[in-house]
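Read the structure below first, then the notes.
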Amino acid sequence: MPFVTSFVPEIRFGENLHETIGSAAASFDAKTAAIVIDGFLVRSGLAGRVAAQLQAVGIRGCVFSDFTGEPTIAHVRHATEAATGADVVIGIGGGSALDIAKIAACCAASGEDAMRYALAANPLPKNPLKKIMVPTTAGTGSETSATNIFAGSGGRKLWIWGRETKADLVLLDPVLTATLPADLTAWCGMDAFIHAFEAATNRNAHAGGKFYAHEALRLLTGALETAVRQPDNMEARGKMLLGSCYAGIAIDNCGTAIAHTISHALAGLAPVHHGLATALGFEATLAWLVEADTADLDAAAKACGLVRAADLPAFVSGLMDRCGIVRILPNAFAALDRGALAAEMKAPENQPMRRSTIRETSDQDIARFAAAIMSLPKAA
């Protein structure tokens with residue numbers, strides 16, 4: 001099968017590598033830098049330390065951290081304002097921070113609003129600002145992906161895709177993930193696992209993507225439970241971070257599938273952590289999915305240390321149990337029903353993931369999955 005492997009940015013890995021952010025920015029001949037960083041990392045003092053690094057090498061830094069939860073068009077617009085006039089954008093944090101930073105680097109360079117590029121309506125600028133991505137969670141793989149998700153003014157999930165949004169440099173530092181709470185470690189880790197699994201088994205899967213996806217599955221299945229139970233275990237944290245990064249490369253090449261149709265649809269209805277939503281969607285559809293009985297499904301199972309794909313549903317549910325993942329939706333979903341979720345799963349922006357799923361996904365399947373998800377308990 002012919003394939004093309006997408007561009008992979010320079011990746012550096014090591015403990016305390018975040019202490020080299022200043023020198024990395026200087027290597028791009030930057031004079032000004034916009035730092036897009038999660039608010040709690042500002043409060044931890046990390047933003048101040050990065051700004052001091054930049055100042056030490058003659059770079060003026062501007063910090064933008066005025067965002068919470070999933071990215072919105074308002075967040076992206078404010079970040080673009082902060083990045084306007086900068087030479088480099090440094091994204092530090094989870095997937096939201098990185099997605100916002102990457103979009104802002106494009107929009108600040110072009111002077112255009114992000115909505116101009118939503119859903120590939122127009123080509124991205126060919127001269128985006130330089131981008132350094134420093135993930136502090138092991139989940140989204142945004143640091144190596146060309147896909148960037150945000151909510152439009154009406155709350156609907158939108159995406160901006162293109163090589164121009166990708167990082168120029170990725171710094172992977174497991175030390176930065178050590179303070180991630182157990183529930184977030186588990187949710188983000190399952191998100192990375194599902195990225196790798198879906199990329200390796202969907203209709204778009206090819207040898208270039210599976211190379212990264214299978215290694216990601218090996219790393220993640222071997223380290224997730226340890227990272228949840230022993231947060232200071234740097235070996236496990238490092239494997240999680242590298243596995244998440246590889247999974248990001250895999251989905252950048254091959255995309256995702258039905259679990260992400262569900263998680264994106266859930267997020268279009270009410271706020272919910274992406275990793276949790278994806279894990280719930282994956283568990284609800286996995287037994288149906290493995291009935292496809294393909295060589296790719298068996299190969300993914302073997303990468304997880306299993307004999308065959310039929311072993312996957314029990315394995316995944318057991319892994320979620322051991323990592324303490326509670327099958328529950330936020331209370332905001334109490335006012336919604338299965339019909340609302342099914343309708344959102346059929347929205348145009350969620351169809352590429354539905355179509356890429358290795359099994360044909362009928363409207364009846366959609367209705368059944370929506371019913372299973374919306375029957376879950378809601379948080380009080």
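The values are calculated or read from the model by the stated rules, or taken from the named source; none is laboratory data. Predicted, not measured: the structure shown is a model, and the values here were computed from it. Note: ideal-geometry Cβ built from the backbone for every residue, glycine included; neighbour counts use all protein chains shown. Each accessible area value is taken on the protein alone, full model and side chains, heavy atoms only, with ligands, DNA and RNA left out. Shrake-Rupley method; radii C 1.70, N 1.55, O 1.52, S 1.80 Å.
With semi-axes √(5λ) of the Cα gyration tensor in Å in mind, check (i) 39, 21, 18; (ii) 36, 22, 20; (iii) 32, 23, 20 and report the label derived from this structure. Among (i) 39, 21, 18; (ii) 36, 22, 20; (iii) 32, 23, 20, the one calculated here is (iii).
Residues whose amide H falls under 5 Å from that of residue 35, counting only those 5 or more places apart or on a different chain, are 62, 63, 64, 90, with hydrogens built in the peptide plane. Each Lys and Arg contributes +1 and each Asp and Glu -1, all at the Cβ; summed about the Cα centre of the chain, the dipole is approximately 300 debye. Reducing the range 151-206 and the range 55-100 to their Cα centroids gives an inter-centroid distance of 18 Å. Shape analysis of the range 194-244 yields a ratio of the Cα radius of gyration to the Kirkwood radius, Rg/Rh, of 1.07.
Residues whose amide H lies under 5 Å from that of residue 158, counting only those 5 or more places away or on a different chain, are 150, 151, 152; hydrogens are built 1.01 Å from N in the peptide plane.
On the beta carbon distance between residue 335 and residue 292, with R0 = 45 Å, the FRET formula returns roughly 0.80. Surface composition of the range 222-310: carbon plus sulfur atoms hold 50% of the accessible area, using a 1.4 angstrom probe and ignoring ligands, DNA and RNA. Summarising the amide proton neighbourhood of residue 130: residues at separation of 5 or more, or on other chains, whose placed amide H is nearer than 5 Å comprise 89.
Rounded to the nearest 10 degrees, the inclination of helix 182-201 to the longest alpha-carbon principal axis of the chain is 70 degrees.
Taken over the Cα atoms of the range 199-281, the convex hull encloses 94 Å³ per residue. Using a cutoff of 8 angstrom between alpha carbon atoms and counting only pairs six or more residues apart, the relative contact order for the chain works out to 15 percent. For the pair residue 322 and residue 307, label points projected 7 Å from Cα toward Cβ lie 1.8 nm apart. Each residue of the range 134-149 was assigned a 3J(HN,Hα) from its phi angle through the Karplus curve 6.51 cos²θ - 1.76 cosθ + 1.60 (θ = phi - 60°); the sequence is 10, x, 10, 10, 9, x, 6, x, 4, 5, 10, 9, 9, 9, 9, 10 Hz, with glycine and proline shown as x. Per-residue 3J(HN,Hα) values for the range 277-290, derived from phi via the Karplus relation 6.51 cos²θ - 1.76 cosθ + 1.60 with θ = phi - 60°, read 4, 5, 4, 5, x, 5, 4, 6, 10, 5, 4, 5, 5, 6 Hz in sequence order (x marks Gly and Pro). Stokes-Einstein diffusion coefficient for the range 252-341 at 4 °C in a medium of 1.567 mPa s, Rh from the Kirkwood formula over Cα pairs: what value in µm²/s? Estimated diffusion coefficient is 90 µm²/s. The phi-based Karplus calculation (6.51 cos²θ - 1.76 cosθ + 1.60; θ = phi - 60°) puts the 3J(HN,Hα) values of the range 241-253 at 5, 5, x, 4, 4, 5, 5, x, 5, 5, 6, 5, 8 Hz, whole numbers, x for Gly and Pro. Where only DSSP H runs of four or more residues are counted, the chain gives -15500 deg cm²/dmol as its mean residue ellipticity at 222 nm, each run worth -39500 (n - 2.57).
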